[in-house]
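Notes to accompany the following structure.
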Amino acid sequence: MRERDVESYFVEQVKAAGGEVRKVKWVNKRGAPDRVAMLNGAHFVELKRPGGEPEPHQLREHERMRKHGLNVHVIDTFEGVDCFMRKVTK
């Protein structure tokens, strides 16, 4: 399974629940998450291939974002997508 498989499943699930997903391009900022899901709030999501880990520069940026109260998630499996969906739709 590839990262794009997890990403496609993520987009399908969020849209099926009535949410919206945007691909994000950050100007002059490395490490920021790839997607924003709008479903009961805004959620920044870094998608990875199964077993994939964020790079150190990504972890630093995610921590900066969380420090300011933003929701940041790293998801690498279909099960991770399902868990995310249960959290944000309850």
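Just give me the residues in segment 32-48 being surrounded by 21 or more Cβ atoms within 10 Å (Cβ to Cβ) and small (Gly, Ala, Ser), in sequence order. Ala37, the sole residue that qualifies. In segment 54-80, the residues that are assigned to a helix (DSSP H, G or I) form Cβ pairs under 7 Å with partners that are of a type in the set (Gly, Ala, Ser) and surrounded by 12 or more Cβ atoms within 10 Å (Cβ to Cβ), at six or more places apart or across chains, as follows: His57/Gly31; Gln58/Gly31; Arg60/Gly31; Glu61/Gly31; Glu61/Ala32.
Tell me which residues, restricted to segment 1-45, are part of a helix (DSSP H, G or I) and not β-branched (Val, Ile, Thr).
Passing the criteria: Glu3, Arg4, Asp5, Glu7, Ser8, Tyr9, Phe10, Glu12, Gln13, Lys15, Ala16.
Read the figures in this text as sums done on the coordinates, not as results from a lab. Please read all numbers here as calculations on a predicted model, not as lab measurements. All Cβ positions, even for glycine, are placed from backbone atoms using ideal geometry, and neighbour counts span all protein chains on display.
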